[in-house]
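Quick notes on the structure that follows.
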Amino acid sequence: METAYKGTNKLIIGIVFGVITFWLFAQAMVNIVPAVQEDLGVSLGTLNVAISLSALFSGMFIVVAGGLADRMGRKKITYIGLILSVIGSLLLVIANGATLLIIGRVLQGLSAAFIMPATIALVKEYFDGAERQRALSYWSIGSWGGSGLCSFAGGAIATYMGWRWIFIFSIIFALLAMWLIKEVPESKAPSKGKFKFDFGGLAIFIVTMLAINIFITQGANFGWTSATSIILAAVSIIGIIVFVKYEAKRTTALIDFKMFEIKPYTGATISNFLLNAVAGTLIVANTYVQVGRGYSAFQSGMLSIGYLIAVLAMIRVGEKLMQRTGAKKPMVWGTILTLIGVGIMGLTFLPDLMYTIVVFVGFILFGIGLGMYATPSTDTAVSYAPDDKVGEASGVYKMASSLGNAFGVAISATIYSTIAAVSSVEVAASAGIITNVIFAVLALISIISLVPNNVGKPS
């Protein structure tokens, strides 16, 4: 239901600023690995864990935050997320070792968990029809565009100002977001009796996600066939089974699996998970060109400038294509272009100049594809979300983003570092990038098989 509120443009800007505190600044960590490692004196394994923790904690708590937004108020939960972002970024600014680095990354992940579903729910509350699609386009510019800008901006800031300045800017943008949305009326879902929080489901979910993440990131160090790795794998598999069965019996479940009976919502959510996993390409490609080709952080960031421009330009194009053809076609076209763009970056046997050109073109195709996909996918998920569970459904959709990103980065980084230890960095980079190609192929299959042709078509 659309609610009268005059300051919609101010709301959009505030939401975009809030969203980019995570997707631009927090995610810039993927492009400053060597600088942070040298400055703080931490191991590559520890740093990879710290990088993936933000997306992991975002993914673990985003559904909880979405449900709380529906009950407590979407604006209030957005504010809590922005405050957590400020604190997390401040800890990274003053970090002198692994402890504050890890705590800061955890808080940044929690901040994203609060900000993402609450802001999407605000968009559905205060916008409708074409205006909602426009607002979601700008939301996507903050999210997908921020993830594109992070590589360039992170490299530039780290090279010329120092990597800590990335998080000083994050604090500034979070404070601006709080100021811009301060006059927005509060928005809540209709009350349905006393709220009972699913602590049991949350506990099972957290244990399962941590087991999966530790297995992926530390399996090589433990030994893939060691007792520790086998136990972690067993906890992961059993945890998933127990969680699904436990939630099916709950009337106030952490995740209402009935939402997945809605095919368009399911297709958008699964493909969103998989295409966010493709973000592992960023850490592999950026690390490889710095370690294997001798590029600086700024130079590697410049290689992805085409990604930034393309994703920002194509988000509004994806919105217009959806209004003409429906959501499915731009989702399919975007995924195919992403697949091609990522795939050609795996040609690490090419000489320096040729490989530089290929990576530059690959990033452009990557950006065009994600930009084309972003708004149709988000609008499909939001449109098919039940009105009384917009925050929860948005939380599940964005959980797919965060967990996809966490597992994509963790899996890609693990494959790269594991193979680099026994072979050349060229082989390691190719293997890491091929993994991301597989994610894109699976995303394409999910869209074709689950999203009906008539979704989002103009009437």
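A residue that is over 21 Å from residue 409 (Cβ atoms), part of a helix (DSSP H, G or I) and without any contact (Cβ under 8 Å) to a residue 24 or more places away in the chain occurs nowhere in segment 206-214. Per the listing 378, 338, 356, the residue uniquely touching a helix residue (DSSP H, G or I) at 6+ places or on another chain (Cβ under 8 Å) and under 30 Å from residue 70 (Cβ atoms) is 378. Would a scan of segment 262-281 turn up a residue that is assigned by TED's automatic domain parsing to the domain that holds residue 359, charged (D, E, K, R), closer than 30 Å to residue 163 by Cα and at pLDDT 80 or above? Checked segment 262-281: no residue is assigned by TED's automatic domain parsing to the domain that holds residue 359, charged (D, E, K, R), closer than 30 Å to residue 163 by Cα and at pLDDT 80 or above.
Of the candidates 65, 69, 26, 50, the single residue that is of a type in the set (A, V, I, L, M, F, W, C), part of a helix (DSSP H, G or I) and surrounded by fewer than 24 Cβ atoms within 10 Å (Cβ to Cβ) is 50. From the list 353, 312, 339, which residue is crowded, with 19+ Cβ neighbours inside 10 Å and outside any loop (DSSP other than H, G, I, E, B)? None of the other options fit; the residue is 339. Pairs linking a residue in segment 156-173 that is under 21 Å from residue 305 (Cα atoms) and assigned by TED's automatic domain parsing to the domain that holds residue 14 to a residue that is charged (D, E, K, R) and surrounded by fewer than 20 Cβ atoms within 10 Å (Cβ to Cβ), with Cβ atoms under 8 Å and 6 or more positions apart or on different chains, are 163/39. Checking 326, 346 one by one, the residue that is on the phi > 0 side of the Ramachandran plot and more than 19 Å from the chain's Cα centre (by Cα) is 326 and no other.
Selection of first residues in segment 239-252 that are not assigned by TED's automatic domain parsing to the domain that holds residue 67 and of second residues that are among the aromatic types (Phe, Trp, Tyr), restricted to Cβ pairs under 6 Å at least 6 apart or on distinct chains, gives the following pairs, ordered by first then second residue: 243/205. Taking the criterion of being β-branched (Val, Ile, Thr) and at pLDDT 90 or above, the residues of segment 316-356 that qualify are 332, 335, 336, 338, 340, 342, 344. Annotation note: Cβ proximity below 6 Å between a residue of segment 15-26 that is free of Cβ contacts under 8 Å to residues at least 40 places away in the same chain and on the phi < 0 side of the Ramachandran plot and a residue that is buried (at least 24 other Cβ atoms within 10 Å of the Cβ) and not acidic (Asp, Glu) (sequence gap 6+ or interchain) occurs for no pair.
For first residues located in segment 442-453 and touching a residue at least 40 places away in the same chain (Cβ under 8 Å), partners that are among the aliphatic types (A, V, I, L, M) and not in a helix (DSSP H, G or I) and lie 6+ apart or on another chain with Cβ distances below 9 Å form the pairs 443/278; 451/327. Of all the criteria given as (1) small (Gly, Ala, Ser); (2) modelled with pLDDT of 80 or more; (3) assigned to a loop (DSSP other than H, G, I, E, B), the one not satisfied by residue 4 is (2). Here the condition is being surrounded by fewer than 16 Cβ atoms within 10 Å (Cβ to Cβ) and more than 18 Å from residue 399 (Cβ to Cβ); of 263, 258, it holds for 263 alone.
Can you find, within segment 94-130, the residue that is nearest to residue 315 (Cα to Cα) among those that are surrounded by fewer than 17 Cβ atoms within 10 Å (Cβ to Cβ) and either touching a residue at least 60 places away in the same chain (Cβ under 8 Å) or basic (Lys, Arg) (or both)? If we take residues in segment 94-130 being surrounded by fewer than 17 Cβ atoms within 10 Å (Cβ to Cβ) and either touching a residue at least 60 places away in the same chain (Cβ under 8 Å) or basic (Lys, Arg) (or both), then 130 is nearest to residue 315 (Cα to Cα). With respect to the conditions (1) farther than 27 Å from residue 212 by Cβ; (2) modelled with pLDDT of 80 or more; (3) not acidic (Asp, Glu), residue 110 falls short on a single one, namely (1).
Across segment 105-163, what is the number of residues that are closer than 23 Å to residue 406 by Cβ and of a type in the set (Lys, Arg)? So the answer is 1. Taking segment 239-295 as the range and being among the hydrophobic types (A, V, I, L, M, F, W, C) and not in a helix (DSSP H, G or I) as the test, the residues that pass are 253, 254, 255, 262, 278, 279.
Would you confirm whether or not segment 89-106 contains a residue that is closer than 19 Å to residue 143 by Cβ, part of a helix (DSSP H, G or I) and touching a Phe, Trp or Tyr at 6+ places or on another chain (Cβ under 9 Å)? Looking for residues that are closer than 19 Å to residue 143 by Cβ, part of a helix (DSSP H, G or I) and touching a Phe, Trp or Tyr at 6+ places or on another chain (Cβ under 9 Å), one finds at least one in segment 89-106, hence yes. With respect to the conditions (1) under 19 Å from the mean Cα position of the chain (by Cα); (2) surrounded by fewer than 24 Cβ atoms within 10 Å (Cβ to Cβ), residue 302 lacks only one, and its number is (1).
Being in a helix (DSSP H, G or I), touching a Phe, Trp or Tyr at 6+ places or on another chain (Cβ under 7 Å), modelled with pLDDT of 80 or more and farther than 30 Å from residue 326 by Cα is a condition met by no residue of segment 121-129. Looking at (1) closer than 21 Å to residue 316 by Cβ; (2) at pLDDT 85 or above, can you tell me which one residue 177 breaks? Evaluating residue 177 over (1) closer than 21 Å to residue 316 by Cβ; (2) at pLDDT 85 or above leaves (1) as the failure. Of all residues in segment 182-215, those satisfying the criterion of being basic (Lys, Arg) and at pLDDT below 80 are 188, 192, 194, 196.
The values are calculated or read from the model by the stated rules, or taken from the named source; none is laboratory data. Remember, it's a predicted structure, so these values are computed and weren't measured experimentally. Because the Cβ atoms are built from the backbone with ideal geometry, glycine has one as well, and the counts that use them run over all protein chains shown.
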